[in-house]
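Data block below; observations after.
The values are calculated or read from the model by the stated rules, or taken from the named source; none is laboratory data. What you are looking at is a predicted structure, and each value in this text was computed from that prediction instead of being measured. In this analysis, Cβ positions are derived from the backbone assuming ideal geometry, glycine residues included, and neighbour counts consider all displayed protein chains.
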Amino acid sequence: MEDQPIIIKRVKKVAAGHHGGSWKVAFADFATAMMAFFLVLWLTAGTSPEVREAVEGYFQDPIGYTEGGSRHPIDLGGSPSIEPAQSAEDDVPKMEREVETIEEVADNVELRRMEQLLADVKKQIEQSETLREFRDQLLLDMTEEGLRIQIVDRSNRPMFDSGSAQLKYYSEDILFELAKPLSQVPNKISITGHTDSAPFVGKAGYSNWELSSDRANTARRALIAGAVAEKQIARVVGLADSVLFDRELPTAPVNRRIAIIVLNRDAADDIQKNAGANDGVIDLTGEPAPTAKAQDSLKDGDWLDAAEKRQVDPNEVQW
């Protein structure tokens, strides 16, 4: 018996190789699809039969579907539509609202500035020895035009000598002190002179009107000397006794006063408009006169010709 060969089979165990991660991507897609599916079921469960019918028709024919009313899958009475382009006229109300908002903000800022100025003037009165001594002659209040500061006469402490536009030395000091806070704001300033009802005597052709105007102008010069800019002055006017402080006592010293008004924006604009700024002068024929720019282009002789054409007295032409 022949010896059979012994065969030894050695099985080499190979460690399992690292598998790929594609199954994770597939599982993520499956989970996403299931989430979307259940979301659709949840949404359609709460809709009416009409809406479900519209959804069904849309998915059967997304482009040409019209049965049931709307081409959109869900129509809740507010289907999207293409809005027509707005014209320039449609933008006008919006622009007006924006302008009004800007003006309101500007007015609020200006009001706070006025209130701060009022506080600063009161503080200046308390801190200044000059103003503190005469604080009973300083009247502060807020008006429609702005912050008003009135310096009034007392029986033994007048601002001016009787019948004169020359400031007393202490009145000049008062105006110098008031000029400090007034010069810190950009607002325009109005200065008004007032007298009592006692008629002015002693100078022919000179009345309380001239006296109040001269005193207001003297106060203007004192404020400018105290730090107020020349261009900050918007108006200097004398009102004589036409606006009495104490109407029951027309000759009372309190009626003799200087009023300084820190003008708000509207009041300053009104002064400009009433003075004819940026507006053509209207003559009796209703024709606007040449503007300032046009006036510069006219020669002296042309002015007379223009006046004759408009049938206006040449003496009335404004140079």
*Out of the residues in the stretch 207-216 that are among the polar types (S, T, N, Q) and either in contact with an Asp or Glu (Cβ under 7 Å, 6 or more places away or on another chain) or assigned to a helix (DSSP H, G or I) (or both), which is farthest from Ile174 (Cα to Cα)?*
Asn208
*Set Ala227, Ala267, Ala252: member being at positive phi and modelled with pLDDT under 95*: Ala227
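Given the residues Arg247, Arg157, which is the only one that is more than 13 Å from Arg257 (Cα to Cα), assigned by TED's automatic domain parsing to the domain that holds Leu139 and charged (D, E, K, R)?
Only one candidate qualifies: Arg247.
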*Kindly list, by first and then second residue, each pair from a residue in the stretch 239-257 that is farther than 24 Å from Leu175 by Cα to a residue that is among the polar types (S, T, N, Q) and assigned to a loop (DSSP other than H, G, I, E, B), limited to pairs with Cβ atoms under 8 Å and residues at least 6 apart or on different chains.*
Pro250/Ser197; Thr251/Ser197
*Looking only at the stretch 189-217, which residues are within 13 Å of Ile233 (Cβ to Cβ) and either in contact with a helix residue (DSSP H, G or I) (Cβ under 9 Å, 6 or more places away or on another chain) or of a type in the set (Ser, Thr, Tyr) (or both)?*
Ile189, Ser190, Ile191, Thr192
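When you go through Ala219, Ala234, Ala240, Ala204 one by one, which is the residue that is of a type in the set (Gly, Ala, Ser) and assigned to a helix (DSSP H, G or I)?
Testing whether each residue is of a type in the set (Gly, Ala, Ser) and assigned to a helix (DSSP H, G or I) leaves just Ala219.
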_Out of Ile174, Ile189, Ile224, sole residue that is touching a residue at least 60 places away in the same chain (Cβ under 8 Å) and in the same structural domain as Arg257 (by TED's automatic domain parsing)_ = Ile189
